[in-house]
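For reference, the structure is listed below as structure tokens.
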Amino acid sequence: MARSKLRTAVVPVILFLIPAAGQAPKPNTAAAPPPPPAVKIEVKPTALFIEEAKTLFQRVDVEIEAAAALPAGVLEVRQGAGHVAKVLFPAIPKAGRSVVFVNLPDRAKPVKTAFRLKAGGASAERTITLAPQRKWTLYLLPHSHTDIGYTDLQTRVAKNHVEYLDRVVEFCRVTDGYPEEAKFRWNIVSVR
């Protein structure tokens, strides 16, 4: 029995769909994705510093202004060719302003610093020159004026004042052996 060879050929077919008379073709109804919200950032160096592991860091406030809700994102900070910080921030639920705090290493001379924000499809960039800041020493006092009953119930305010004065006496005792200029001092504004 002889075998016959079957040959097949592949023929390209182009198919055109033509609407029936009186019917217009249906337009593509898939909506284009909305554009990412407009985002701007402002960078505001502060006079606040924090010391961690014997290294001084300056707090810089980065204000994010979004024209619409913004998903969670990341703020990257670069100084020169080096990566300095990467801060994750939560979603911004509606249009408006939000602030991200970034702690950057203290510097002895001005340095160009680039801030890049990415959140979903939105992005914003800002480059500024950060200059060295003056260092301040703050002295905090628990209170400097006695107003029994003005800020809270009289019994609570009186109790707080007694606790403050107990601490004052404790600080005075702790620093009693210090040189005269280093001893803790306190002045009671009024006594009733």
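The values are calculated or read from the model by the stated rules, or taken from the named source; none is laboratory data. If you're wondering where the values come from, they're calculated on a predicted model, not measured in any experiment. Cβ placement follows ideal geometry from the backbone for every residue including glycine, while neighbour counts extend to all protein chains displayed.
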Please go through region 44-93 and give me each residue that is touching a Phe, Trp or Tyr at 6+ places or on another chain (Cβ under 9 Å), of a type in the set (Gly, Ala, Ser) and part of a strand (DSSP E or B), ordered by number. Ala47, Gly73
Taking first residues from region 163-186 that are closer than 17 Å to Leu140 by Cα and second residues anywhere that are among the hydrophobic types (A, V, I, L, M, F, W, C) and not in a loop (DSSP other than H, G, I, E, B), the pairs with Cβ under 6 Å that are 6 or more apart or on different chains are Phe184/Phe171; Phe184/Cys172; Trp186/Val168
Selection within region 132-156 - among the aliphatic types (A, V, I, L, M) and at pLDDT 85 or above: Leu153
Between residues in region 96-108 that are within 13 Å of Ile41 (Cα to Cα) and residues that are of a type in the set (D, E, K, R) and loosely packed, with under 15 Cβ neighbours inside 10 Å, which pairs lie under 9 Å by C-beta distance while being six or more apart or on different chains? Arg97/Glu63; Ser98/Glu63; Val99/Lys44; Val99/Asp61; Val99/Glu63; Val100/Asp61; Val100/Glu63; Phe101/Asp61
Would you check if there is a residue in region 167-177 being at pLDDT 85 or above, surrounded by fewer than 10 Cβ atoms within 10 Å (Cβ to Cβ), among the small types (Gly, Ala, Ser) and under 28 Å from Ala47 (Cα atoms)? no
Restricting the search to region 97-130, which residues are at pLDDT 90 or above, among the small types (Gly, Ala, Ser) and touching a strand residue (DSSP E or B) at 6+ places or on another chain (Cβ under 8 Å)? Ser98, Ala114, Ala119, Ala122, Ser123, Ala124
